[in-house]
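Okay, so here's the structure we're looking at.
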Amino acid sequence: MRRRTFSAALLAGLGAAALPAPFRAAVARSVRPLDILVLGGTGFLGPATVEYALARGHRLTLFNRGKTNADLFPQLETIIGDRDPDVGAGLSGLAGRRWDAVIDNSGYIPRTVRASGELLAPNVGQYLFVSTICQYDDWLEGPPGGTEARPRATLEDPASEDISVHYCALKAYCERAVEAALPGRVTHIRPGLIVGPRDRSDRFTYWPVRMARGGEVLAPGQPDDRTQYIDVRDLAAFMVHCVERGLTGPFNAVRPPMPFGEFLQDCRQAINPDATLTWVPTDFLAAQDVLPWRDLHLWVDAAGPQAGSLAWSAQKAVDAGLVFRPLAETARDTLDWFRTLPAERQATLRAGLAAEREATVLAAWHDAQPAT
Ligand SMILES: NC(=O)c1ccc[n+]([C@@H]2O[C@H](COP(=O)([O-])OP(=O)(O)OC[C@H]3O[C@@H](n4cnc5c(N)ncnc54)[C@H](OP(=O)(O)O)[C@@H]3O)[C@@H](O)[C@H]2O)c1
């Protein structure tokens, strides 16, 4: 993983040219610098949030275990501890400290999120919790265009801490826990698929990397299927904006849905216009055991039962100030970042179809076509 370090003081003196690559476009400094605590901060969304907040002139403190990319922000104070109050020193390092706002992007278990909410309630003005779009009861199968008014998921056993099974519903209970601890002072950010530089999942990264390889690219489904995502840097900027403006309540944080054909064409155009697309219908792919959300991402069948999962409304966030960069920029920057990774990491994408598998499915598709 590429590590960027930079000094807030240096940024203040040198302006946009000195900004780290994600925010090279000029970022105006906030007129009211804030003290912001980030629970986490060193994985994927955290660094983008920290970099943007620093570029805005805010003062940041991180809280984490010191395990993940511990040398990423040496210029910042990092309070070492654990989200789980029952593990080691737990949250004790946060006691008695004051911040204007906390950005919590590492909360998954209601019990631990309740603990940080209750501990920080007397000492922070606002608590921004990073939830997920899948915390809705019907996020996969609900009708497209869902707003923040849709009901949250419930569990038969809300005390469960099994994130691998109940990740989505547990986020809904985390939201409830923060609300109870800081009524009226909570922002819930509900992102869809977060993509861009430093994304360890490769779900989006597969597409620019695949376009760069060139040749015949398997395009799943049909061009008017829908897709939806959010660039991590746009999400980070909106989160900091919510804190600066004191915006509370829930916000879906996704780009408006776009036709999947437009997504692939824009990506191809930005990365490698010589690549060609061969569209293979969803039912043929299913017969080959190639499925959306498992084998290829950013794609769902517009007529299928999961169509709503990539078609949420973010109008409320857009009205509040969420803005989006072009897909071409996200694709190019993600590919640039990916190419900085060690060769063995680049050789083993964590999502998408391996080259041989893609070639096998494409050959089967061509064989199935009537001779002309
Ligand atoms: N990726 C997506 O597509 C997607 C979609 C929707 C929502 N989301 C949400 O977006 C957020 C993104 O998370 P991220 O990983 O990118 O955040 P991050 O803040 O960049 O990284 C996670 C941080 O949490 C710290 N951490 C982990 N376990 C901890 C513990 N027990 N105690 C204290 N600190 C701990 C890690 O550091 P240490 O390991 O050093 O402790 C690291 O700094 C998550 O809330 C996720 O649910 C993601």
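The values are calculated or read from the model by the stated rules, or taken from the named source; none is laboratory data. Keep in mind it's a predicted model, so treat the numbers as computed, not measured. Quick reminder, even Gly has a Cβ in these numbers, built from the backbone with ideal geometry, and neighbours come from all protein chains shown. For accessibility, only protein heavy atoms count, side chains too; no ligands or nucleic acids. Shrake-Rupley method; radii C 1.70, N 1.55, O 1.52, S 1.80 Å.
Positive end of the dipole of the chain (Cβ unit charges, origin at the Cα centre): among 280, 343, 184, the Cα lying farthest that way belongs to 184. A crude spin-label estimate for the pair residue 154 and residue 71, with each label 7 Å from Cα along the Cβ direction, gives 5.1 nm. Near the amide H of residue 61, within less than 5 Å, lie the amide hydrogens of 36, 37, 38, all on another chain or at least 5 residues away, with H placed in the peptide plane.
Taking each residue as 0.36 nm, the span from residue 108 to residue 121 lengthens on full extension beyond its C-alpha to C-alpha distance by 2.8 nm. The tail of the calculated P(r) for the range 76-211 beyond 18 Å holds 61 percent of all Cα-Cα pairs.
Per-residue accessible area (protein heavy atoms, 1.4 Å probe) orders 187, 276, 154 as 154, 276, 187, starting from the largest. Positive contributions from Lys and Arg (+1) and negative ones from Asp and Glu (-1), summed over other residues with Cβ under 15 Å from the Cβ of residue 359, come out at -2. Roughly what would the spin-label model give for residue 277 and residue 371, points 7 Å off Cα along C-beta, in nm? Label-label distance for residue 277 and residue 371, simple model: 3.1 nm. On a per residue basis, the chain carries 41 Å² of accessible surface, using protein heavy atoms and a 1.4 Å probe. Counting Cα-Cα pairs of the range 41-147 in 10 Å increments starting at 0 gives whole-percent bin shares of 13, 42, 31, 12, 2. When the Cα centres of the range 252-289 and the range 102-159 are compared, how far apart do they sit, in Å? So the two Cα centres are separated by 31 Å.
Rounded to the nearest 10 Å², what accessible area does residue 195 show when all protein chains are kept and the probe is 1.4 Å? Residue 195 exposes around 0 Å² with every protein chain in place. Compactness check for the range 310-357: Cα Rg over 2.2 N^0.38 Å is 1.68. The local environment of residue 165, defined by Cβ-Cβ distances under 15 Å, has a net charge of -3 under the rule Lys, Arg +1 and Asp, Glu -1. For the range 220-295, the calculated P(r) over all alpha carbon pairs, in 5 Å bins from 0 to the bin holding the longest distance, is 3, 12, 16, 18, 16, 12, 9, 7, 5, 2, 0 percent. Run the quick spin-label model on residue 245 and residue 356: label points 7 Å from Cα toward the beta carbon, then report their separation in nm to one decimal. Using points 7 Å along Cα→Cβ, the separation is 5.2 nm. Would you please classify the overall shape of the range 253-347 from the alpha carbon gyration tensor, given that a ≥ b ≥ c denote the square roots of the eigenvalues, rounded means a/c under 1.5, and beyond that prolate means a/b larger than b/c while oblate covers the rest? Oblate, because a/c is 1.5 or more while a/b does not exceed b/c. Counting only DSSP beta bridges whose two residues both lie in the range 177-288, roughly 15 percent are antiparallel.
Each distinct pair of alpha carbons in the chain adds a 1/r term; the inverse of their mean, the Kirkwood radius, is 21.7 Å. About its Cα centre, the dipole of the chain is roughly 1480 debye, where the only charges are +1 on Lys and Arg Cβ and -1 on Asp and Glu Cβ. The helix-only estimate of mean residue ellipticity at 222 nm for the chain, built from DSSP H runs of length n ≥ 4 each weighted as -39500 (n - 2.57), is -10000 deg cm²/dmol after division by the residue total.
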